[in-house]
Amino acid sequence: MEKIKLSICMMVKNEEENLKRCLESIQKTIELTNVELIILDTGSDDNTISIAKSYTESVYFEKWNNSFSDMRNKSISYAKGEWLFILDADEEICEEEAIINMITTNDIDNYNSVQVTLRNITTNNPNNYSQIPTMRFFRNSKKFKYTGTVHNQPYIEYPIYTNQEIIINHYGYNSQDRELMERKFLRTKSLLVNELKNDPNNIYYRFQLAQTYNMHFDYKNAYIEIKYAYSLLDSTELKKTNSYIYQVYVNACLSLGKYTEAIEVSEEGYSIVEDFIDLYYVAATTKMKMGIEAKVKSEVNQYLSLFNNIKNCSISANPSIELFRVTPDHKNDLLYKFSKLLLDNKQEICINYIDMITDQIMKKSLLIKYFMTFNKVNLLIEQLNSVQNDENDDYLLEVEQEILKMSILERQNIYYLLSKSKTFYGLFNSFRTKDKNEKNQYLKEIENNIEKIIKTPFYWEIFDYITDTDMNKLFNLLKKAESLEIKEITRFLLNSSQKSNKLIVNYLEEKKLRENDLQGNRVYYCMTAAILLEVNKLVDVSKYNDLFNRYIDAGKNYVHLIFNPNLLGLTYKTLDDSELKLFMIFSRIRQFEFSNNTLPVIKLYKEAVQICPFYSKFIKNVIEEFERQILVS
């Protein structure tokens with residue numbers, strides 16, 4: 001029988017949701033004839049045992065005794081392999097081949113322990129993780145065992161082999177799984193509090209309790225515990241030995257808004273541990289948040305240098321320090337914030353940092369600001385021309401926001417330069433440069449791109465021109481828009497100038513509608529609604545009573561065309577749209593107006609006010625007119 005090279009040792013309890021994922025990630029490894037899989041169950045009452053037995057015959061049982069080390073050592077006692085691999089059910093191997101390569105070569109023959117990389121996945125997004133080196137492979141000697149009730153620590157024999165190709169994803173700290181986190185919090189907190197009763201000045205246990213509170217979002221208690229742990233470090237040597245304290249300390253400070261303290265702790269920490277990459281990140285980003293620029297550039301540069309060489313940094317091999325800010329997202333975030341700071345200070349060196357950003361959305365945003373700030377519009381145009389479909393590109397909005405910061409003269413100049421772009425945005429800027437009489441040459445292109453214009457607010461100044469020249473064209477173009485878009489565009493035009501406001505109101509007051517024109521009635525009531533919502537704020541709205549009546553008529557026409565008129569009394573109660581309900585109520589009122597029974601009418605009017613209180617003044621005027629008619633009759 002072939003000698004066992006590797007024993008994979010696991011202890012589990014109620015892990016049916018995780019175990020299969022874990023074991024699938026080592027399927028090829030456990031199929032090797034010189035590898036065994038040992039699973040110790042400590043009291044599962046779900047489907048865990050059945051899943052375990054489908055992968056190995058070596059399933060054992062032990063009653064849980066509140067000691068992780070005891071259970072871990074029990075699982076190890078069944079191992080026959082030359083090497084032990086400690087794995088948990090809520091973990092997953094990223095690249096299984098790295099394990100197979102290691103145990104099938106002689107790479108580890110001269111070592112007694114192997115350190116790998118553990119990634120703690122902190123949300124449902126696997127790209128959000130913290131990173132820490134962890135000892136997981138041990139030569140199976142009589143000396144080897146675990147100690148510690150809560151956070152069990154292995155006995156480590158030197159020399160140590162570091163294999164950075166083996167990466168373990170750990171899902172047990174997913175903060176978005178609230179049920180899981182609550183179970184872990186209650187269990188771990190209880191064990192740690194009991195340990196601290198016997199040893200209140202145990203720095204490591206204080207640190208772990210702070211970490212436990214922090215992961216439970218109890219930042220106040222996390223801060224209290226970690227500050228107490230820090231107070232026990234009364235020498236530089238102790239601070240260096242227990243440098244893991246700094247990570248949790250700054251995290252607690254940031255969570256409570258203690259930014260000055262976070263900076264001070266970070267600076268002290270990286271002065272003691274020079275490659276403590278997270279602390280450079282915290283110091284730099286927190287200073288930028290507070291408007292402090294002292295040493296920020298050097299901290300950013302130090303972070304980037306460490307990030308690019310992270311595998312060779314000594315901190316990456318320190319199993320006591322968990323690194324939270326070593327993902328590409330963190331690098332991009334830091335580069336973005338620092339580049340923006342340099343841009344705001346008009347330092348052209350910012351381009352060196354912008355070029356390092358790998359997130360294209362972030363990068364484009366900053367490049368636009370860079371091009372505009374340093375008058376490199378030709379480069380911006382090149383970028384615009386490289387995009388085939390720019391209708392959904394947020395960076396055009398960034399361009400517009402930069403333009404808004406310019407003087408009128410500067411804007412005219414930039415419009416001319418941007419008009420060289422071979423995109424619709426370039427054509428739009430060409431339109432901007434023309435006087436009123438020349439703009440009609442663009443009407444065909446406007447009609448061809450009306451959907452794009454409707455969806456993009458900075459194009460709406462085109463509607464301002466059309467309002468001034470041809471209200472009928474504007475009305476017909478808006479038939480392509482959704483109802484909410486019509487209201488928003490109308491509101492934009494009403495606020496753009498007094499002239500546009502007056503033109504729109506006069507047009508709607510005189511507009512003749514056909515009862516069977518579905519889209520015409522919809523556009524009309526949407527445009528009118530934008531006006532009425534504004535004027536309802538006035539003390540006296542009587543000037544607009546006729547417009548309100550026309551609004552109601554258009555709405556009634558619309559609901560009669562899309563709903564069965566005979567069922568409006570039943571239909572309106574099922575709708576969520578208060579405006580359509582209003583139109584249906586007024587349709588029902590019309591049915592009662594010719595009868596002598598006024599009670600249903602008054603009841604419906606009151607219901608209309610409840611449904612649309614923003615039209616209360618108009619409805620009140622309608623009620624008063626109705627009551628006058630009753631008195632006359």
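Take the Cβ atoms of Glu624 and Ile562, set R0 to 41 Å, and the FRET efficiency comes out at 0.85.
Sorting Lys452, Lys603 by accessible area (1.4 Å probe), largest first, what list results?
Lys603, Lys452
Skip the ligands, DNA and RNA, and give the accessible area per residue of the chain with a 1.4 Å probe, whole Å².
Values: 31320 Å² over 633 residues.
Computed with neighbouring chains in place, this is 49 Å² per residue.
Carbon and sulfur together cover what percent of the accessible area of the chain at a 1.4 Å probe radius? It is 48 percent, rounded to a whole number.
Please give the net charge around Glu485, taking every other residue with its beta carbon less than 13 angstrom from that of Glu485, where Lys and Arg add +1 and Asp and Glu add -1.
Working: positive: Lys452, Lys455, Lys479, Lys480, Lys487, Arg491, Arg522; negative: Glu451, Glu482, Glu488.
The answer is +4.
Using the average count of surrounding beta-carbon atoms within 10 Å as a protection proxy, the listed peptides 579-592, 244-257 rank, highest first, as 244-257, 579-592. Taking 16 Å as the straight-line reach from the Cα of Lys3, the aspartates and glutamates in range (excluding those fewer than 8 positions away in the same chain) are Glu31, Glu36, Glu82, Asp109. Which entries in Lys258/Lys331; Lys444/Lys479; Lys502/Lys603; Lys422/Lys499; Lys145/Lys184 show an alpha-carbon gap greater than 26 Å? Those over the limit are Lys502/Lys603; Lys422/Lys499.
Run through the DSSP bridge list for the chain and note the antiparallel percent, rounded to the nearest 5. Mind showing how you got there, number by number?
Numbers: 18 of 39 bridges.
Bridges in the chain are about 45 percent antiparallel.
What the phi angles of the range 198-203 give under the Karplus curve with 6.51, -1.76 and 1.60, with θ = phi - 60°, is a coupling list of 7, 9, x, 9, 6, 4 Hz, glycine and proline written as x. Derived scalar couplings between HN and Hα for the range 411-424 equal 5, 4, 5, 6, 4, 4, 5, 5, 5, 6, 5, 8, 10, 4 Hz in order, rounded to whole Hz, by the Karplus curve 6.51 cos²θ - 1.76 cosθ + 1.60 (θ = phi - 60°), x for Gly and Pro.
The values are calculated or read from the model by the stated rules, or taken from the named source; none is laboratory data. Everything numeric in this text was worked out from a predicted model, so none of it was measured. FYI the Cβ positions are ideal-geometry reconstructions off the backbone, even for glycines, and counts take in every protein chain you see. Accessible surface is based on the protein model in full, side chains and every heavy atom, while ligands, DNA and RNA are left aside. Shrake-Rupley method; radii C 1.70, N 1.55, O 1.52, S 1.80 Å.
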